[in-house]
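Notes for the one structure printed next.
The values are calculated or read from the model by the stated rules, or taken from the named source; none is laboratory data. In this text the structure is predicted, and so the values were computed from the model without any measurement. Cβ atoms come from the backbone with ideal geometry, glycine included; neighbour counts cover every protein chain shown. Heads up: the accessible areas ignore ligands, DNA and RNA and are worked out on the full protein's heavy atoms, side chains in. Shrake-Rupley method; radii C 1.70, N 1.55, O 1.52, S 1.80 Å.
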Amino acid sequence: MLDIPSRVRVHVETLLATQNDMGVCDAFGQYAPVGKPDAMNAPHPPKVAGIDSTVPSPAHTVAPVASSTAPPTPPAPPGAVLQDRLAGWVSDLTTLHELTERLARTTALDETLQELLRAGAALVGARRGLVVLEPGDGLGPDTTIGLGLARADLGHIETVPRSALSYGRILDGRPGGERGIAEPDLFAAEGLDPRHREVAARLGYAASYALPLSTETAGRLGAAVWLYDEPAEPSERQRHLAGLYTRYAAEHLALLLELERTRSSMATMSDELLPARLPRVAGVQLAARHRTGPRGGGDWYDALPLPDAALGLAVGSVTGSGPSAVAAMGRLRASLRAYAVMEGEDPVAVLSDLELLLRLTEPARSATALFGYCEPAARKITLAGAGHSPPLLIGERRTEFVETSVSAPLGMLACWEAPCLEILAEPGETVLLYTDGLLHRTGETTDRAFARLHAAAAGVPRPLRRDPGAIADHVLRNVLPDGLDVAEGAEDVVLLAVRFE
């Protein structure tokens with residue numbers, strides 16, 4: 001009996017396929033492992049490009065010359081050829097399973113493209129490559145990422161006429177690129193573009209193999225190209241494995257591409273609903289920072305000039321996420337601007353009107369808000385808050401949270417009411433208004449998040465204290481380290497810094 005795991009189903013036609021020298025490429029369409037196979041006794045090839053690839057390049061050896069005095073070679077035992085071929089099938093399937101699992105764990109577009117390049121290089125036996133993401137619908141995003149190629153190298157390749165490059169022919173939809181384009185010896189090819197010859201010689205590659213990235217639903221997404229240092233081309237078996245892998249990778253890319261477009265649309269919509277620029281008012285300097293979550297949230301900020309050289313300042317957050325929360329945020333901010341123009345000197349009246357509007361028009365939603373009536377000449381802010389985090393006062397001799405009364409968010413009670421307070425700042429001091437997302441993104445308890453925020457504000461270097469934008473950036477980087485301050489974080493973050501001159 002053959003020593004083959006029981007989870008690999010062997011069809012009776014396998015023997016006929018072996019006799020006809022059927023390759024692994026043809027067998028993939030008929031046989032598949034049920035579950036993950038056990039480790040085989042076949043030797044493993046060396047790692048390629050950081051991946052434990054079980055798809056080695058075929059060895060080119062010369063068959064030994066038969067000697068008349070040498071004893072005849074004994075025939076292979078029955079079934080040995082079949083067992084070797086089945087072991088190769090299982091090895092190939094195991095490799096694809098491992099590579100696709102690694103690809104499925106990627107969640108960012110750039111990370112997925114890098115993994116695609118590394119796995120493809122191992123499958124086709126190349127060392128370098130590049131992937132060009134260029135969706136056929138023209139909606140983007142368009143990008144080019146290289147493996148073993150610096151940004152300057154990619155720039156050199158982009159100087160070659162598009163029609164002379166294999167990936168250019170694929171992206172332009174020319175015939176012959178559906179199953180890939182192999183260029184086994186660029187310098188021996190007739191009609192090679194002079195610029196292509198120059199770039200290939202400068203970068204040191206002599207052959208290439210390109211595959212399209214497309215799906216039935218999304219259409220063309222891009223193309224991947226792998227470069228060989230010497231004249232070479234992948235075998236039929238390697239081409240088939242690479243083709244299977246890139247088809248799966250294209251499906252994964254299509255999902256991530258749709259997610260990336262959704263994130264971009266939500267961020268654009270949120271940014272369009274917020275002030276395009278902050279007003280310039282004598283006596284104060286303003287700076288704002290906004291980070292949008294992946295699904296879009298309802299955090300907002302505002303600064304609008306009011307009569308008598310005053311300034312209205314507001315930050316807030318609407319519950320929920322997605323397009324509905326973004327739309328609610330836009331309606332609430334527009335209403336607050338109207339109430340601020342009419343009753344800006346009384347922040348409590350402004351928030352009371354806003355609470356009534358929210359309760360009547362959107363009874364299933366609540367919001368937190370801070371509104372301040374700022375008098376730059378007197379360096380004073382009259383402030384009212386509804387369930388919002390307290391402002392932070394940052395100066396040379398003090399860094400402290402402003403004591404605010406405990407109040408409920410808008411829409412939580414039948415009638416909202418809270419007293420207002422006054423903030424008196426010294427020259428050069430900055431009042432920092434922010435939303436709860438800044439604290440929530442830390443992943444810590446509320447007390448520890450407030451302590452982290454206070455420490456970050458107190459540690460602002462003295463040269464940066466003259467610039468409210470630099471203060472906001474310093475706070476973001478120190479409260480949210482390790483990339484938590486990026487725009488694609490879990491929640492929206494808003495900071496509004498007001499520095500008195």
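Numbers below:
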read-out: P275, sole failed condition from (1) open to solvent by 30 Å² or more (accessible area, probe 1.4 Å); (2) in contact (Cβ under 8 Å) with a residue 12 or more places away in the chain; (3) under 30 Å from L433 (Cβ atoms); (4) out of contact with any helix residue (DSSP H, G or I) (no Cβ under 8 Å at 6 or more places or on another chain); value: (1)
read-out: Selected residue [in a helix (DSSP H, G or I) and either charged (D, E, K, R) or modelled with pLDDT of 95 or more (or both)] from R261, R289; value: R261
read-out: Filter result for the condition that a residue is part of a loop (DSSP other than H, G, I, E, B) and either buried (at least 17 other Cβ atoms within 10 Å of the Cβ) or free of Cβ contacts under 8 Å to residues at least 60 places away in the same chain (or both), over R280, R247; value: R280
read-out: Check on F401, of a type in the set (F, W, Y), in contact with a Pro (Cβ under 7 Å, 6 or more places away or on another chain), closer than 22 Å to Q285 by Cα and surrounded by fewer than 16 Cβ atoms within 10 Å (Cβ to Cβ); value: yes
read-out: All positions within segment 156-202 that are closer than 16 Å to E230 by Cβ, within 32 Å of the chain's Cα centre (by Cα) and open to solvent by less than 20 Å² (accessible area, probe 1.4 Å); value: A200
read-out: Residue match in segment 126-149 (condition: part of a helix (DSSP H, G or I) and crowded, with 17+ Cβ neighbours inside 10 Å); value: no
read-out: Residue check for R289: surrounded by 17 or more Cβ atoms within 10 Å (Cβ to Cβ) and in contact with a Leu (Cβ under 8 Å, 6 or more places away or on another chain); value: yes
read-out: V225 within 33 Å of the chain's Cα centre (by Cα) and over 29 Å from L253 (Cα atoms); value: no
read-out: Matching residues in segment 297-320 - criterion: being open to solvent by 50 Å² or more (accessible area, probe 1.4 Å) and part of a strand (DSSP E or B); value: P305, T319, G320
